[in-house]
Amino acid sequence: MRYLPFLLVLALTLYALVDCLQTPAADARRMPKGAWLLLVVLVPLVGAATWLLAGRPARGTPPLRRGGPSPLAPDDDPDFLRQLDRIDREHEELLQRWEDELRRRDRDPGEDDRPPTS
């Protein structure tokens, strides 16, 4: 029981250390990532608590991406919306052709409606 406080501080420090190591350097807030690592290791309880409260990326913020803009949601992506419009037009044209063919068959029953003979 007397080791419990030590184990809690150790667990908190290890959690903060691993979290800091896994966080991209560009996402660390207020100080460079290296400074956060030193603070967590050299001042275990205070450094770990400070990292968790002030250094790690805020919840709900997407990580910074290198090499281009972050991806868009499908309903915000103009290329995706253009593709949906094109597919929708193709389906409408196909449906119109089918309806025209059905009307033609209703008006002029012919060879198209007879079953094939062998």
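Just the residues that are polar (S, T, N, Q), farther than 10 Å from residue 40 by Cβ and either over 20 Å from the mean Cα position of the chain (by Cα) or open to solvent by less than 70 Å² (accessible area, probe 1.4 Å) (or both), please, taken from region 1-28. Steps first, answer last, please.
Pass one, region 1-28, residues polar (S, T, N, Q): 13, 22-23.
Pick out the ones that are also farther than 10 Å from residue 40 by Cβ and you get 22-23.
23, the sole residue that qualifies.
Taking helices (runs of 4 or more DSSP H) that fall entirely within region 23-118, which contain at least 1 residues that are within 30 Å of residue 8 (Cβ to Cβ) and at pLDDT 85 or above?
Numbers: elements: 33-42, 44-50, 78-107.
Passing ranges, in order: 33-42, 44-50.
Name the pairs: first residue in region 1-27 and free of Cβ contacts under 8 Å to residues at least 60 places away in the same chain, second residue outside any helix (DSSP H, G or I) and open to solvent by 50 Å² or more (accessible area, probe 1.4 Å), Cβ to Cβ under 7 Å, at least 6 apart or on different chains?
Correct list of pairs: 19/56; 23/56; 24/63; 24/64; 26/64; 27/63; 27/64.
The values are calculated or read from the model by the stated rules, or taken from the named source; none is laboratory data. Values in this document were obtained by computation on a predicted structure and should not be read as measured data. A quick note on method: Cβ atoms are made from the backbone with ideal geometry, for glycine too, and the neighbour counts reach across all protein chains shown. Just the protein is used for accessible areas: all its heavy atoms, side chains included, with ligands, DNA and RNA removed. Shrake-Rupley method; radii C 1.70, N 1.55, O 1.52, S 1.80 Å.
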